[in-house]
Amino acid sequence: MSIGVKASESSLAAAVNKKELKKVVIINDQPLFLAGIKSYVEVNLVGIEIVFAGSWFDYSTSKISLSEVFAILTSQNQTESEINSQISHFYEIETPILLMHDKDLDFSLNEILKLGPCVVVESHCTLDTFYTACLEIIENNTSWQSDEIKEKTKVAVKTKSTLSPREKESLILYASGLTLKEVANKLELSPNSVGKFISRGKDKLTKSGAAVGSKTGIYMELKKLNLMR
């Protein structure tokens, strides 16, 4: 995942104060994934307090207060019925949900998502998409697969399918300021091969309407596509 835009304290604080969503519950059964989301929320969602981060079992046996809370649910290795049960729980206590889901949604899950405040993103979305989804939840403009979230997801998918891995990494290193020879040394490839990857990548970006005639142009386009750190 690429690095998203960090929230400004004033703008986020205004949204938090307006809608009273000041806390977050993060539920996931995979420690490394959970730690990554927790760290990202702490750094980027200024003013949001994490009141719980752990597995569904640990959450269900806890007695935490859920006032002013929104929930982040990630659904790896879970059945549709398990996801439905978790969503239903938060709907019952009127808690908005950000669902990170990595499978096609079946009919029953689609239907329940339409009944309450929920935003859905792919589990492997960019951090920029994740950040936008969190802000949408916080501002309480929640809807299932909002147009803004769809647009960011579309950009990420388009980028992923357009540039090959070698084209992407060559362009990123080149735009970061390295020379063609330095990129080749870094990737352990010949300068000729790297030159071809960069040329093909630039051609693809140009066809999509990007102005990439210079290193600065390449950098700005990759930044726009959430590929530059």
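I'd like the trypsin sites (Lys or Arg not before Pro) in segment 19-77 restricted to DSSP loop residues with at most 14 other Cβ atoms within 10 Å, sorted by number. Each step should come with its number before you reach the end.
On the way: sites: Lys19, Lys22, Lys23, Lys38, Lys63; in loops: Lys22, Lys63.
Taking segment 19-77 and a limit of 14 other Cβ atoms within 10 Å, the loop trypsin sites (Lys or Arg not before Pro) found are Lys63.
Per residue and in cubic angstrom, what volume does the convex hull of the Cα atoms of segment 161-204 have? Don't skip to the answer; put the middle values down first.
Details: hull volume 2.4 nm³, N = 44.
Given the Cα convex hull of segment 161-204, per-residue volume reads 54 Å³.
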Qualifying aspartates and glutamates (Cα of each under 20 Å from Cα of Lys196; at least 8 residues distant if same chain): Glu167, Glu169, Glu182, Glu188, Glu221
Checking the cross-link filter: which aspartates and glutamates have an alpha carbon closer than 16 Å to that of Lys150, excluding same-chain neighbours under 8 positions apart? Asp102, Asp104, Glu122, Asp128, Glu136
Sorted by chain and number, the residues with a modelled amide H under 5 Å from that of Ile72, at a separation of 5 or more or across chains, are Val25, Ile26, Ile27, Leu98
Nonlocal amide H pairs with Val46, under 5 Å, H built at 1.01 Å: Ala7
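Values quoted throughout were computed directly from the atomic coordinates according to the rules given, and no laboratory measurement underlies them. From a predicted model like this one, the values you see are computed outputs, not experimental measurements. No Cβ is skipped: glycine too gets one built from the backbone with ideal geometry, and neighbour counts run over all protein chains shown.
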